[in-house]
Amino acid sequence: MNEKELAANPRLHRFYTRNLNEDPTIDLEDQSVDAVLMCVSIQYMQQPEKLFSEIFRVLKPGGVAIISFSNRMFYSKAIGKWKELEEDGRADLVANYFYNVKGFSAPEIVTNVPLPGDLPNIPIIGGLLNQISRAIRFGGVPDPFTAVVAYRNFKRMNLD
């Protein structure tokens, strides 16, 4: 989102914008936030290792980082590796970003989020029925959703 869109959100108490490809630092104090959320942007990050180190730095012990994405992207802006991979591979790539920073918990990949009105998940048939049900309820099938979630450990781990 751009500055104008963020400023129009009455629920935000503060925000800032930055091109994280030009400067992947985060202007916050060490261990100052409970959560870091990144929605549909990870596919464009050119320096993910530096960015995830910054995310770790600003998270309080026990804080959560949630990186979410769908199968959509601006193809011309996405990093090459992202374009080469399918959805599962993209989730693994983001999980590896967390693994590359010592001190994060093992990342959890979330790919199926139940929506109101979904049917019980019955192998094979349940998934198909939910897709049909969602198409009817929402006027089309929603984009696939993936989130990779990890926590800052309470004590930085040295695994060397």
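Every number here is computed from the coordinates shown, using simple stated rules; none is lab data. Quick caveat, the model's predicted, so the values are computed rather than measured. Glycine gets a Cβ as well: all are built from the backbone with ideal geometry, and neighbour counts include every protein chain shown.
What translational D, rounded to a whole number of µm²/s, comes out for region 1-120 from Stokes-Einstein when the hydrodynamic radius is the Kirkwood one over Cα pairs, at 4 °C and 1.567 mPa s? My calculation gives 81 µm²/s for D. Enter the Cα centre distance for the pair region 129-152 and region 1-68, rounded to the nearest angstrom. One Cα centre to the other: 24 Å. Loop-located trypsin sites (Lys or Arg not before Pro) in region 64-105 (DSSP state other than H, G, I, E, B) with a sparse environment of at most 14 neighbouring Cβ atoms within 10 Å: Arg72, Lys77, Lys102. Treating only the Cα positions of region 49-120 as identical point scatterers, give the base-10 log of I(q)/I(0) from the Debye formula at each q in 0.14, 0.18 Å⁻¹. Values returned for q = 0.14, 0.18 Å⁻¹ are -0.56, -0.84. Positive end of the dipole of the chain (Cβ unit charges, origin at the Cα centre): among Ser70, Pro120, His13, the Cα lying farthest that way belongs to His13. Rounded to the nearest 20, the Cβ-based charge dipole of region 1-73 about its Cα centre (Lys and Arg +1, Asp and Glu -1) stands at 260 debye. Beta bridges from DSSP with both residues in the chain: antiparallel share about 60 percent, rounded to the nearest 5. Dipole magnitude for region 1-128: computed about the Cα centre from +1 point charges on Lys and Arg Cβ and -1 point charges on Asp and Glu Cβ, it is near 180 debye. Across region 1-51 the C-alpha pair distances fall into 5 Å bins from zero in the proportions 4, 15, 25, 28, 21, 7, 1 percent.
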